[in-house]
Amino acid sequence: MLLYGFHAVMARLRQAPASFKSLYVDRHRDDNRVRDLLKLAQQQAVQVTRVEAGRLDRMAGGKRHQGVVAQVETQTISTDLPTLLSDLEGRERPPFLLLLDGVTDPRNLGACLRSADGAGVDAVIAPKDHAAPLTDVAMHTASGAGESVPYILVTNLVRTVEQLQDAGFRVYGLADEADADLYRTDFAGPVAIVMGAEDKGLRRLVREQCDALVSIPMMGSVSSLNVSVATGVVLYEVLRQRQATQA
């Protein structure tokens with residue numbers, strides 16, 4: 001797998017230095033960001049090769065690499081739904097999951113993973129046939145979250161929602177037309193948030209299986225937010241409520 005850009009490469013250096021096959025840095029860059037990266041690479045015993053910017057351009061295939069490109073082994077957290085639910089049992093903090101229904105853009109997936117990591121989500125779940133894979137683009141956008149948050153692909157998302165409900169989760173789907181306001185909804189206890197594709201939203205059967213539908217108040221002329229932006233808004237409202245309860 002190819003990683004590029006400071007955020008993604010630095011995150012992998014901190015989390016899994018042994019996964020590096022090669023690390024290339026623009027030979028003409030000598031600023032603080034490069035110095036910090038070189039220092040961390042030295043501390044982690046990862047060898048750095050200084051090369052011309054043109055070589056990095058070719059390696060990254062025209063993507064914005066910021067002068068740093070790495071070839072690494074794929075590192076993701078491997079688990080399945082039964083194992084996850086077993087691991088979450090008995091914890092003091094209520095479980096918190098994110099389900100993505102039809103999010104096929106790897107950049108949106110990466111951004112959702114990044115928000116999930118920041119908000120303390122335990123795992124991201126998506127259907128195998130309607131989901132973006134963890135490509136290098138998704139991993140780059142996730143800036144390390146692709147290696148810290150489990151990404152579980154399931155056969156049937158409706159059945160997965162049923163399993164979560166049986167396990168004590170309350171499942172909330174985001175829908176623009178929902179009457180329930182996000183900021184007036186109580187997210188106490190085990191919670192799973194379901195976000196739909198940006199163009200179509202939640203599929204009908206998924207929508208019907210949710211315990212409740214909520215919406216984000218929109219005060220301007222646009223009717224909805226990008227799915228990754230909306231995901232961040234919803235996840236951080238859940239986190240805000242939980243932190244307020246603990247205070």
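Before moving on, here are some points about what is shown:
- Flag for Val154 being outside the structural domain of Lys63 (by the TED database) and either more than 20 Å from Tyr4 (Cα to Cα) or crowded, with 24+ Cβ neighbours inside 10 Å (or both): yes
- Figure legend. Inter-residue proximity from the stretch 57-74: first residues free of Cβ contacts under 8 Å to residues at least 60 places away in the same chain, second residues open to solvent by 60 Å² or more (accessible area, probe 1.4 Å) and assigned to a loop (DSSP other than H, G, I, E, B), beta-carbon distance below 8 Å, spacing 6+ or different chains. Indicated pairs: Gly67/Arg29.
- A single entry from Ser228, Ser143, Ser148 fulfils the requirement of being touching a His at 6+ places or on another chain (Cβ under 7 Å), within 30 Å of Gly62 (Cα to Cα) and surrounded by 13 or more Cβ atoms within 10 Å (Cβ to Cβ): Ser143.
- Looking at Asp87, Asp30, just one residue is farther than 19 Å from Ser143 by Cβ, open to solvent by 50 Å² or more (accessible area, probe 1.4 Å) and part of a loop (DSSP other than H, G, I, E, B), and that residue is Asp30.
- Flag if Ala11 is touching a residue at least 12 places away in the same chain (Cβ under 8 Å) and open to solvent by less than 30 Å² (accessible area, probe 1.4 Å): yes
- Any pair with Cβ under 6 angstrom, 6 or more apart, that starts in the stretch 114-140 at a residue that is at pLDDT 95 or above and ends at one that is of a type in the set (S, T, N, Q) and open to solvent by less than 10 Å² (accessible area, probe 1.4 Å): Ser115/Thr231
- Filter result for Leu182 (surrounded by fewer than 21 Cβ atoms within 10 Å (Cβ to Cβ), of a type in the set (A, V, I, L, M, F, W, C) and in the same structural domain as Gly90 (by the TED database)): yes
- For Ala41, the stated conditions hold: it is of a type outside the set (S, T, N, Q), within 26 Å of the chain's Cα centre (by Cα) and not assigned by the TED database to the domain that holds Glu147.
- Subset of the stretch 99-120 that is among the hydrophobic types (A, V, I, L, M, F, W, C) and within 9 Å of the chain's Cα centre (by Cα) - its residue that is surrounded by the fewest Cβ atoms within 10 Å (Cβ to Cβ): Ala111
- Take the conditions (1) at pLDDT below 95; (2) on the phi < 0 side of the Ramachandran plot; Gly61 misses just one of them, which is (2).
The values are calculated or read from the model by the stated rules, or taken from the named source; none is laboratory data. As the structure is a computational prediction, the values presented were derived from the model and not from experiment. So basically every Cβ, Gly included, is an ideal-geometry build from the backbone, and we count neighbours across all protein chains shown. Please note that ligands, DNA and RNA were not included when accessible areas were found on the heavy atoms of the full protein model with its side chains. Shrake-Rupley method; radii C 1.70, N 1.55, O 1.52, S 1.80 Å.
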